[in-house]
Amino acid sequence: MRLQIAAAAARLMAQDGIDDFALAKRKAARQLGVGDTQALPGNDEIEVQLRAYQGLYQEQEQRERLRELRVEAVTLMKTLESYRPYLTGQVLSGIAGRYGDIDLQVFTDDAKSLELLFLNRGVDYSVTEQRRWIGGEARSITVLGVDWNGTRANIAVLGAKDERVALRTSQSGRVMERAALPAVELLVASVG
């Protein structure tokens with residue numbers, strides 16, 4: 001049953017643009033008539049199924065879209081270079097598809113200057129708060145949602161000292177992988 005839920009969740013993520021693993025799991029379980037949410041698959045199981053689905057049904061489209069997102073990420077990271085940006089999420093891991101967003105982390109003690117940068121460039125943005133585990137402690141962080149050349153980018157704004165600390169999406173979750181600009185440029189040059 002876990003495998004069926006993982007496959008259904010992966011299909012929802014690929015076809016409907018759901019980027020929240022937990023939401024995709026719950027929706028898939030509901031569609032399959034599974035009431036026991038204790039036996040839901042892990043995110044890693046869904047990621048395996050998502051890669052398989054994309055490889056079978058969206059290979060060319062997904063590869064082209066991933067390359068576009070990575071190129072846009074490089075452009076945005078260069079613009080934000082003084083804020084020490086890192087690419088995270090599905091664009092980095094290679095599973096971003098047709099509805100994929102760029103996820104960045106920036107490290108600064110002057111978040112307002114980042115907002116001013118976008119205002120001065122005429123870039124639309126929104127501000128939300130998200131919960132992250134930073135160094136074993138739950139904190140609320142600011143996330144700027146930016147329309148960057150027609151692509152959605154989510155920029156998590158963290159304090160300068162947080163750059164050297166492990167960030168997690170939950171207390172027991174795995175450490176969020178991230179890549180600095182040179183690594184992302186290398187990704188674009190080597191595999192797209």
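Just so it is clear, none of the values below were taken in a lab; they were calculated from the coordinates. If you're wondering where the values come from, they're calculated on a predicted model, not measured in any experiment. Note: ideal-geometry Cβ built from the backbone for every residue, glycine included; neighbour counts use all protein chains shown.
A few points about this structure:
- Mean separation of Cα contacts under 8 Å (6+ apart) over length of region 2-57, as relative contact order %: 48
- Computed over the chain: relative contact order in percent, which uses C-alpha pairs under 8 Å that are six or more apart: 19
- As a calculated quantity, the FRET efficiency between LEU119 and ASN149 at R0 = 22 Å, using C-beta atoms, amounts to about 0.80.
- Anisotropy class of region 60-190 from Cα gyration tensor, a/c 1.5 cut: oblate
- Residue-averaged [θ]222 nm for the chain, counting only DSSP H segments that reach four residues, each worth -39500 (n - 2.57): -14500 deg cm²/dmol
- Cα gyration tensor shape of region 2-57, rounded if a/c is under 1.5, else prolate or oblate by comparing a/b with b/c: prolate
- Spacing of the modelled spin labels on VAL188 and THR128, each 7 Å from Cα toward Cβ, amounts to 2.6 nm.
- Across q = 0.11, 0.20, 0.23 Å⁻¹, region 1-118 modelled as identical point scatterers on its alpha-carbon atoms has Debye log10 I(q)/I(0) values of -0.45, -0.98, -1.15, in the order of the q list.
- Against the main long axis of the alpha-carbon atoms of the chain, helix 59-79 sits at an angle near 20°.
- Cβ-based exposure ranking for MET13, MET1, in which fewest neighbours within 10 Å come first: MET1, MET13
- Estimated from the Cβ-Cβ distance and a Förster radius of 25 angstrom, the FRET efficiency linking THR142 and TYR99 is about 0.60.
- Entries of LYS25/LYS161; LYS25/LYS78; LYS78/LYS112 with Cα pairs more than 25 Å apart: LYS25/LYS161; LYS25/LYS78
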